[in-house]
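*Asks:* Below you'll find the structure I mean.
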Amino acid sequence: MGIKSLVDLWRHRYNKYTHIFQARWSGIRQAARFHRGKKSRPGRELVAVIRTEHFGDIVAVEPLSRHIREKHPDAHIVWFVKPVFKELVEVNPHVDEVFAETCVTQRQQILSSGVFDKVYELQFRNNNHCPKCQAFYDNPIAVKRNINVDNYFNYGNLLEVFGRAAGIDDLPEDTRPKVYLQDRHREKADSLNLPNEYIVIHCQSNFSPKDWPVENWRRLCDWLLEYFPYSIVEVGLNSNLGIEHPRYLNLTGKISILETAEVIRRATLFIGLDSGPAHLANATDTYGVILMGRLGDFDSYNPYSGRFGSGENCTIVREHGKPCAQLSYTRVVNSIKDILPTVVTR
């Protein structure tokens, strides 16, 4: 082994074990804090809810926050989430505290202390991985029920899947997800000078097999702008469309998740992929056209509950056996032609 390789190896080991030490030490300190808080609330149950990512999944399982509150009306409920998604949960009135975890090892250190009276893990193994620790943690209930990343959609939509992974078999009657928008989100949307009538599009997911070719998105936008009176507002992390048009507004990377939800709520129509913003459209009751396709072994799946799940408030566009990338442009256009006049008159 050369000097450079040896240095790289020891640097990697130093970084890894320093991270693990910091995560465990932080977990010990946070567990002590939870113990102190519990002592200050004698007789009050301490309940943990674990759903750390992704933001569409967090929106999808929101009905479970209401359901868990009904099960534990007097409990102090703590939701564990990654810091980047904290805003989604901290405004939820059914949650008392949000813990922005930095590492799954930190979380496991806290849970292993036994401070929580009840833990609901709304996830399974692939959501319990830290690349720095190079460690996976299993959810025992999900393991017992054989729910994993390769088969989870065989157990229903995301609400049903994650409920079952947590041992919640009596799912709530109201399965419509909600987002709890605040005045600051409405004020931000007001400041954007949004068009009176517009269509929101979302063109890039966090998982490329779910995506539709950028050339098709450009053609679709050109068609919408030429034949319909609406403006187009693009949301998401970034844009690769390169569209220059007076009725096209690029908001990618410029607004927060809940500000995006408010922009979607005001839209005439949402057109997007099976990704986080589509769940926001479902939660804000905006009609959606969702482009989907085969995903791994899942030929025809539906991740949504509520009005998207029933098909009452969305059109799912797909072609059997084909991934989203192979979804025909004509199929998408014809689907929008079929529903756009209906949406306009609602």
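The values are calculated or read from the model by the stated rules, or taken from the named source; none is laboratory data. Small disclaimer: the values here were computed from a predicted structure and weren't measured. So basically every Cβ, Gly included, is an ideal-geometry build from the backbone, and we count neighbours across all protein chains shown.
*Asks:* Consider Phe162 against the criteria (1) touching a Phe, Trp or Tyr at 6+ places or on another chain (Cβ under 6 Å); (2) over 16 Å from Gln108 (Cβ atoms); (3) not in a loop (DSSP other than H, G, I, E, B): it satisfies all of them except one. Which criterion is unmet?
*Replies:* That leaves (1) as the condition not met.
*Asks:* One residue is enough: does the range 227-236 have a residue meeting the conditions outside any loop (DSSP other than H, G, I, E, B), acidic (Asp, Glu) and either touching a residue at least 40 places away in the same chain (Cβ under 8 Å) or in the same structural domain as Ala281 (by TED's automatic domain parsing) (or both)?
*Replies:* yes
*Asks:* Looking at His54, His67, which one is in contact with a helix residue (DSSP H, G or I) (Cβ under 9 Å, 6 or more places away or on another chain), at pLDDT below 95 and either more than 16 Å from Gly114 (Cα to Cα) or not assigned by TED's automatic domain parsing to the domain that holds Leu159 (or both)? Can you show your working first?
*Replies:* Numbers: His67 fails: at pLDDT below 95.
Matching residue, one of His54, His67: His54.
Yes or no, residue by residue, for (1) part of a helix (DSSP H, G or I); (2) surrounded by 23 or more Cβ atoms within 10 Å (Cβ to Cβ); (3) modelled with pLDDT of 95 or more:
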site	(1), (2), (3)
Pro246	no, no, yes
Leu249	no, no, yes
Thr252	no, no, yes
Ile255	no, no, yes
Glu262	yes, yes, yes
Ala267	no, yes, yes
Ile271	no, yes, yes
His279	yes, yes, yes
Val289	no, yes, yes
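*Asks:* Being surrounded by fewer than 21 Cβ atoms within 10 Å (Cβ to Cβ), touching a residue at least 60 places away in the same chain (Cβ under 8 Å) and assigned to a loop (DSSP other than H, G, I, E, B) is the filter here; which residues of the range 12-64 pass it?
*Replies:* Glu45, Glu53, His54, listed by residue number.
*Asks:* What is the number of the single condition among (1) crowded, with 19+ Cβ neighbours inside 10 Å; (2) part of a loop (DSSP other than H, G, I, E, B); (3) in the same structural domain as Arg294 (by TED's automatic domain parsing); (4) at pLDDT 95 or above that Ser205 does not meet?
*Replies:* (4) is the only condition that Ser205 fails.
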